[in-house]
1. Can you give me the number of residues within region B:16-36 that are of a type outside the set (A, V, I, L, M, F, W, C) and surrounded by 22 or more Cβ atoms within 10 Å (Cβ to Cβ)?
2. In region A:386-407, which residue that is over 21 Å from B:Val34 (Cβ atoms), of a type outside the set (Phe, Trp, Tyr) and out of contact with any helix residue (DSSP H, G or I) (no Cβ under 6 Å at 6 or more places or on another chain) is nearest to the other protein chains (Cβ to nearest Cβ)?
3. What's the total number of residues in region B:1-43 that are within 18 Å of B:Val111 (Cα to Cα) and touching a residue at least 24 places away in the same chain (Cβ under 8 Å)?
4. Only one of A:Val151, A:Val157, A:Val105, A:Val136 is loosely packed, with under 13 Cβ neighbours inside 10 Å and of a type in the set (A, V, I, L, M, F, W, C). Can you tell me which?
5. Do any residues in region A:264-284 that are facing another protein chain (nearest Cβ under 7 Å) have Cβ atoms under 7 Å from those of residues that are at pLDDT below 75 and assigned to a helix (DSSP H, G or I), where the two are at least six apart or on different chains, and which pairs are they?
6. Name the residue, out of A:Gly355, A:Gly367, that is small (Gly, Ala, Ser), in contact (Cβ under 8 Å) with a residue 12 or more places away in the chain and within 12 Å of another protein chain (Cβ to nearest Cβ).
7. Being closer than 15 Å to A:Arg482 by Cβ and among the small types (Gly, Ala, Ser) is the filter here; which residues of region A:344-375 pass it?
Amino acid sequence: MSDEILIIDKDTSHAKALGVYLERKRMEAYLASTCEDVMVLFDNISTEIVLADPGLPDMQMISLLKQIKTTHPKLQIIVMVTPDQFDHAMAELKHDAVHYLMKPVKSTALDMAMYQARSWISLNSRLEANEKKLKVFRHTQNLFQQLFDEVPCYISVQDRQFRLTATNRMFKNDFGDEIGSHCFEVYKHRGSPCQHCPVADTFKDGQPHTTEEVVTSKSGEQYNVITWTAPIRNGDGDITQVMEMSTNITQIRQLQDHLTSLGLMIGSMSHGVKGMLTALDGGIYQLETGLEKNDKERTQRAFGQVKQMTGRIRKMVLEILYYAKSRELRYQSTDMVEMADKVVGDAMAIASKNGVRLEANISPSLGFVDVDPTWLQAALVNFVENAIDACTYDRSKDDHIVKVDAFETASDRICFIIQDNGMGMDQETREKMFTLFFTSKGSQGTGLGLFIANRVIRQHGGSINVESEIRKGSRFQICLPRSQSDPPKRVDIPGKELETEKDETDNQK
Amino acid sequence: MKKILIVDDDPNIIDYLTTLFEDNGYSTFSARDVKEGLEIAKKETPDLITLDLEMPEEWGPRFYRKMCQEKKLKNIPVIVISGLSGGDHAIGKAVAFVSKPFDRENLMKIVKETLQ
């Protein structure tokens, strides 16, 4: 609150009288009678209130007051004029003055004017302080919003019904701008709350909780996340909302899976190799003894076995090479009828050895397609051989058949349907069959075949659709585009890519 | 003639062992999984069983456990023939663990000694 006041009046005795009055009210009064006095005093005192007679009709003081008001906008000017100058003064100064008093100034009127001026000053200073606070608040808010948005994890704020009330940028990017939706709908595509919910736990006990979850993004990708929760309290200390922060650890989990798979691979592969070598040994033994005994039938059977084992070992070595080495597919225009015939021809021997009928229905109008013939043929053989294996392992019936259909679709895609009535797949096998090192064939599988076959089909821009029912059989539909519009894709080393291959879920039952 | 039951999921290995044992004067039966193996064992009461460890559905040790629950089967000697590393402890009471790929003469020596 100002303690100083500048009194401007040509009538010095009137000024003095006012000064005495105001000093009694504990104010320090400075007196000025000319414009020069005002200017000198104004430079030396820090008054916020001026009580002035503008000395009309002379306009000099009026312009000085106006000028001072522009340079000191907070200055409160109280004007005192004789009644005949009252309107003139008001017309000239307008809002530049806070109050107009009639001369001779009465003490009550002066007190009221002083009170009003002081109120204005006080209001102004509070407004200023608030403005400053608001600026700091805006800056802090901006900073926190930036922090909230830029934190490299998903943040959501939820109410007691698990409705999202705020989400950060990363959350919006991967899960959509879903304010108002339920957390379980957005994260897990569920219709009801999850059984163990860390947010519910935090609402209950006010403590932070952590869980590991698998969530599904708006584009259908699955992420492994570690979730932390923290309570948000109101002024009374009651929990009104809970913040949930989730860190995406998918890559770490994939790396772990991959390392586990690598360990499994070494076991499964060495096991597979041992089995094949034993079978090859068996073939050689039978070949030797067959020749010794002049047993034509045994020799023939042995020869077939040696041939089959050599083929299997060759295939396994190729698969290991494919897995271990980065290579590019070599596309060339390939006669698909010829390839389909080769695929069926390759599988025929194994089918007949295992008592499985192999029926092929190859459309003669498949024509030529841009593919890498070596790898595509290997992939297709893999599907057919798997179908035969599924029949061989099936003990629930005697009559087994594998059907291979190849045709052209209306949308100019070449499709192969490989269908068997073998043992079928359970859900776990269906979900994991394209995963690296997953095998359902015990010692006879390496877990590489379908992984690579799937990869090859995908690199050709193709799709795989699988239907299967346990003990009834499986149906694989593989479709390829006729031409490769993109340049040949590089086959990455799966170990570096950290990718667990999955089937094309959109096509999969 | 002594009877040997071969339990292995790989038909090529069954073929091999069948020929090998028959060439050495034994009669053989074969099964490609635990269920079938137990059925044949109960029916034929073999003098010796060769058992693979890793097979689809149920694996070797389960076969052994189930066979030990049968009075007339529990004393039949079992030779484990497997490519599983560290599989030699899977069936503690087996007369021998033969690792794939095996030495033919060594296997026959064990078989002959067991069946004497």
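The values are calculated or read from the model by the stated rules, or taken from the named source; none is laboratory data. Please read all numbers here as calculations on a predicted model, not as lab measurements. We place every Cβ from the backbone using ideal geometry, glycine too, and count neighbours over all the protein chains shown.
1. The total comes to 1.
2. If we take residues in region A:386-407 being over 21 Å from B:Val34 (Cβ atoms), of a type outside the set (Phe, Trp, Tyr) and out of contact with any helix residue (DSSP H, G or I) (no Cβ under 6 Å at 6 or more places or on another chain), then A:Asn386 is nearest to the other protein chains (Cβ to nearest Cβ).
3. Summing the residues that are within 18 Å of B:Val111 (Cα to Cα) and touching a residue at least 24 places away in the same chain (Cβ under 8 Å) in region B:1-43 gives 20.
4. A:Val136
5. Pairs that qualify, where the first residue is facing another protein chain (nearest Cβ under 7 Å) and the partner is at pLDDT below 75 and assigned to a helix (DSSP H, G or I), are A:His271/A:Ser443; A:Gly275/A:Ser443; A:Gly275/A:Gln444.
6. A:Gly355
7. Hits for region A:344-375 are A:Ser363, A:Ser365, A:Gly367.
So that you can scan it fast, the table gives a plain yes or no per residue for (1) in a helix (DSSP H, G or I); (2) surrounded by 14 or more Cβ atoms within 10 Å (Cβ to Cβ):
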position	(1), (2)
A:Ser192	no, no
A:Asp201	yes, yes
A:Gln207	no, no
A:Trp228	no, yes
A:Pro231	no, yes
A:Met245	no, yes
A:Asp257	yes, yes
A:Ile266	yes, no
